[in-house]
Amino acid sequence: MGRDGSVSRVAGEREKLVERLGRLKELSGLSQRALARATGLSNSSLSRYLTGQLVPPWDALVALCKAVGRDPRPLRPLWTEAMKAEAMPAPRRNDLPADLADFTGRSLELAMVKKTLATGSSVSIDGMGGVGKTSLAVHAAHSVAGDYPDGGLYLDLRGFTPGQEPLDAFVALERLLGALDVARIPGDMEERAGLWRSELSRRRVLVVLDNAVDAAHVASLLPGAGKSAALITSRNRLVGLHGVPPVSLEPLSRADSADLFTRAAGIASDADVAQVLEQCGGLPLALRMAGARLLHRPGWTVAVLAERLRDSAGRFDAVFEMSARQLDSQQRRVFRLLGVLPGSDFDAAVVAALAELRPGQVAAVLEELVDAHLVQEPAPGRYRLHDLIRDYAADLATAEEPRAAEAVHRVLRHYLDLAVTHDKVIPFLHRRETLPGDRAAALAWFDREYANLIACFDTAVTVGADEIAMVLPKAMRAWFFRRAGTGEKVRLFEAAVQAAERLGDRPSRSALLLDLGFAHAAAGNPTKALAAYDGVHTDDLDAEDRAGLALRRGYTLLDLGELDAAGASFTLAHQLMEHIGYRAGLSQALAFEAWVALHLGRPDQAAELARAAVDHADGVPQITGLVTLGVALAYSDPAASLATLGDALRQSEQDDHRHNQAWCLNYLGVALRIMGSPEEGLEQHRAAFSILEELGEAQWELDFLHTYAETFEAAGRPGEALALHERTIELARELGRDHDEKRALEAIAALGEPVVLPADRQVNDARLRILRPAHVLLCGPARSWREPACAR
């Protein structure tokens, strides 16, 4: 099936531990939610432990044993083996900026940081702006990199970055999880923070959280149990972080200041050095800049440099002013424009757009700015400004650059044009034509520029560049679909719709409402999705978008369990696609018509429609058709069923589509259950959930939980099935998915378990009955499926 033995090995070790955890839960006599409260664990984490999606940290296992009065020590060998099996090799991630070659002093502070990290604790570094907090953090991170085999992450929280709002912890978690290649990013803050801690608990990662506002800003970003650690920097002392000792930086000593300055200037010390040190105030940033200025002015002496600094007002700004004054007119213009640049880092092409320069000119200017320490180059070809220097550059722009707004607009247009170009080579949903190009390179560009694209979008909204705000989210759809969570996606499309309204562009507004509805559906909010679709004026859409609207409405109605309405919508999409001759769209419509037929207990009809869907795919991966056909054939032709599902999985892997890979594995588990091999089916469900942990839409977990639980039931393991049904109810209530809650309640009732309902819900007894006519499937959401009773 295109999977190596490592997945099976992990599943096997987890299964043994899951069985023991299930026994502990049974011994407790508590519901999952009550057991979570008793152990101090989150309900979602406990669900993952009980279903084998995640191996619990040792302290969580101890808490479970304590709750039922059992000694945890006999479980230690089994837990150790499960952890070993889970620790599969992964590429090392390293986002750390380059270390400084001239890092000087701080021996005591560096020792304190390294000693704290060696104990397994996180540590914070505080001090005034320019005192070298980031330099120390990055230097320390590089020096202990060998102790963190799973890599180092770096995130600028923008706590004191001029012209930018601090990075919200909710968004920061999305970016940190994305850096770990986790695409399943929950929309709830508590869930998101819990997932971050869970991911770090099974890795050994050092996270540098730079430029925090205060303790509250980073509290939810800290690692929990495990061997990962965080290095935090802030201008404020973070005394409110429990278990995170602070290391405070003062300006460099006179000796260290002299050492750093003379190394930066390439000179030996002399009597006049003391005058320069007085002006720099022991701040490494100022010392490096002053040294660089002397290094690049061979005709100057230290005395000349000291005189120039004395002639400038202010101590620290004098260094900036002196460095900027030595720039030629072109260099000075670029420098001040960098003060108004959206985003956190940039490349030479962005500077070319900002200042309207040729590539050769940009290279020369950036080289001079880097040499003068006005611009940093943390990685080859990537540049950034220190916050204090950015603030100074922005002040220069206000005083000297009357056309700064035009420069910002050029940068926004630059990013938009590149986003549109890269987007066109990435396959996406009902896109009729994908242009030739390097898809991996396009995705990598979006990965690299994501934070800057968001900054550009927010800037466009702020400055009233509605044309850009309206178009940019559409150019990011394909990347969002593969890489990012749904929170930013919904926010961007909501703002894009508003931009279209301000422009009076009704056709664009209707097209954007299509995307907003799809984003809401992906976030597990089908009611909001339908509301967005209802706002579309179909007369504004071309024939292809009208067909796409029918398809998307059908998807959403399936999520709500409204099979008849969904079937009618897919039939309309089928007709519209056929009328315009769009074979790929017709294939998709046929595939979901087949999916509805499967839900209605008509496997023969489903197989016929699914074959037609695959035939019309014209070489485009048709996963829905193949999965539907594979499950439909499980009743009559097991060999063909497995071959078809195997083909679907291979196509998903070739397309690097993690959502579809998980979907294929999940329904391979369903097919194996139908064939009478539920234990083998459970292995595939587990493999699907191991991928699902990385995905970004909560509804996928909700949909898969139904089928996973049913396979546990078929395997004669009602305890595990019950845990999954309880998790389904919890998630369904969070997402407002009454239909899924109903299914889980019915399943629990069928198991003979008591059903506890909240006081604010009125549920008819009929809702708790299991009604499975021989020819009808219990209605399910778009990607869930339950076999007809007559097939048993």
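Results, tabulated for the structure shown:
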{"item": "Pairs, first in contact (Cβ under 8 Å) with a residue 40 or more places away in the chain and closer than 20 Å to residue 709 by Cβ in region 16-35, second among the charged types (D, E, K, R) and part of a helix (DSSP H, G or I), C-beta under 6 Å, six or more apart", "result": "22/720; 32/726"}
{"item": "Number of positions in region 747-767 that are modelled with pLDDT of 50 or more and more than 11 Å from residue 706 (Cβ to Cβ)", "result": "9"}
{"item": "Residue match in region 424-434 (condition: of a type in the set (S, T, N, Q) and either part of a loop (DSSP other than H, G, I, E, B) or buried (at least 19 other Cβ atoms within 10 Å of the Cβ) (or both))", "result": "yes"}
{"item": "Qualifying residue in region 168-176 (condition: in contact with a Pro (Cβ under 6 Å, 6 or more places away or on another chain) and surrounded by fewer than 22 Cβ atoms within 10 Å (Cβ to Cβ))", "result": "no"}
{"item": "Single unsatisfied condition, residue 636 versus (1) free of Cβ contacts under 8 Å to residues at least 60 places away in the same chain; (2) assigned to a helix (DSSP H, G or I); (3) over 26 Å from residue 527 (Cβ atoms)", "result": "(2)"}
{"item": "Selection from region 316-370 of residues that are aromatic (Phe, Trp, Tyr) and more than 27 Å from residue 275 (Cβ to Cβ)", "result": "346"}
{"item": "Residues that are of a type in the set (A, V, I, L, M), under 30 Å from residue 201 (Cβ atoms) and in contact (Cβ under 8 Å) with a residue 24 or more places away in the chain, drawn from region 97-126", "result": "98, 110, 112, 113, 117, 118, 123, 125"}
{"item": "Identity of the residue in region 228-240, touching an Asp or Glu at 6+ places or on another chain (Cβ under 9 Å) and in a loop (DSSP other than H, G, I, E, B), that ends up surrounded by the fewest Cβ atoms within 10 Å (Cβ to Cβ)", "result": "240"}
{"item": "Matching entry among 639, 671 (being crowded, with 24+ Cβ neighbours inside 10 Å and over 27 Å from the mean Cα position of the chain (by Cα))", "result": "671"}
{"item": "Residues that are modelled with pLDDT under 90 and either touching a strand residue (DSSP E or B) at 6+ places or on another chain (Cβ under 7 Å) or among the aliphatic types (A, V, I, L, M) (or both), drawn from region 689-722", "result": "691, 692, 695, 698, 702"}
{"item": "Conditions (1) part of a helix (DSSP H, G or I); (2) over 33 Å from the mean Cα position of the chain (by Cα): number failed by residue 601", "result": "(1)"}
{"item": "From the options 596, 614, residue that is touching a Gly at 6+ places or on another chain (Cβ under 6 Å), crowded, with 19+ Cβ neighbours inside 10 Å, under 24 Å from residue 743 (Cα atoms) and in the same structural domain as residue 703 (by TED's automatic domain parsing)", "result": "596"}
{"item": "Selected residue (only one of 471, 536, 497 is assigned to a loop (DSSP other than H, G, I, E, B) and either in contact (Cβ under 8 Å) with a residue 40 or more places away in the chain or not assigned by TED's automatic domain parsing to the domain that holds residue 595 (or both))", "result": "536"}
{"item": "Cross-chain or 6+ apart pairs with Cβ under 6 Å, region 573-589 first and assigned by TED's automatic domain parsing to the domain that holds residue 614 and outside any helix (DSSP H, G or I), then modelled with pLDDT of 90 or more and among the hydrophobic types (A, V, I, L, M, F, W, C)", "result": "none"}
{"item": "Filter result for residue 179 (touching a helix residue (DSSP H, G or I) at 6+ places or on another chain (Cβ under 6 Å), closer than 22 Å to residue 93 by Cα, in contact (Cβ under 8 Å) with a residue 40 or more places away in the chain and surrounded by fewer than 22 Cβ atoms within 10 Å (Cβ to Cβ))", "result": "no"}
{"item": "Pick from region 366-383, criterion aliphatic (A, V, I, L, M) and assigned to a helix (DSSP H, G or I), ranking: modelled with the highest pLDDT", "result": "366"}
{"item": "Complete set of residues in region 390-423 that are closer than 30 Å to residue 580 by Cβ and surrounded by fewer than 20 Cβ atoms within 10 Å (Cβ to Cβ)", "result": "417, 420, 421"}
{"item": "In region 459-496, residue surrounded by the most Cβ atoms within 10 Å (Cβ to Cβ) [restricted to those that are charged (D, E, K, R) and at pLDDT 95 or above]", "result": "466"}
{"item": "Odd one out for residue 80 among (1) buried (at least 17 other Cβ atoms within 10 Å of the Cβ); (2) outside the structural domain of residue 206 (by TED's automatic domain parsing)", "result": "(1)"}
{"item": "Single condition residue 353 does not satisfy, out of (1) surrounded by 20 or more Cβ atoms within 10 Å (Cβ to Cβ); (2) more than 33 Å from the chain's Cα centre (by Cα); (3) small (Gly, Ala, Ser)", "result": "(2)"}
{"item": "Cross-chain or 6+ apart pairs with Cβ under 6 Å, region 56-74 first and in the same structural domain as residue 25 (by TED's automatic domain parsing) and buried (at least 16 other Cβ atoms within 10 Å of the Cβ), then among the charged types (D, E, K, R) and at pLDDT 80 or above", "result": "none"}
{"item": "Out of 551, 541, 514, sole residue that is in contact (Cβ under 8 Å) with a residue 12 or more places away in the chain, within 22 Å of residue 488 (Cα to Cα) and either outside the structural domain of residue 588 (by TED's automatic domain parsing) or surrounded by fewer than 24 Cβ atoms within 10 Å (Cβ to Cβ) (or both)", "result": "514"}
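Residue by residue, here is whether (1) out of contact with any Leu (no Cβ under 9 Å at 6 or more places or on another chain); (2) outside any helix (DSSP H, G or I); (3) at pLDDT 85 or above holds:
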| site | (1), (2), (3) |
| --- | --- |
| 171 | yes, no, yes |
| 176 | no, no, yes |
| 184 | no, yes, no |
| 194 | yes, no, yes |
| 200 | no, no, yes |
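Residues checked against (1) in a helix (DSSP H, G or I); (2) modelled with pLDDT of 85 or more; (3) under 50 Å from the mean Cα position of the chain (by Cα); (4) crowded, with 22+ Cβ neighbours inside 10 Å:
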residue	(1), (2), (3), (4)
276	yes, no, yes, yes
289	yes, no, yes, yes
293	yes, no, yes, yes
298	no, no, yes, no
303	yes, yes, no, no
307	yes, no, no, no
314	no, no, yes, no
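The values are calculated or read from the model by the stated rules, or taken from the named source; none is laboratory data. Quantities reported herein were computed from a predicted structural model and do not represent experimental measurements. When we count neighbours, we look across all protein chains shown, and the Cβ atoms used for this are built from the backbone with ideal geometry, even at glycine.
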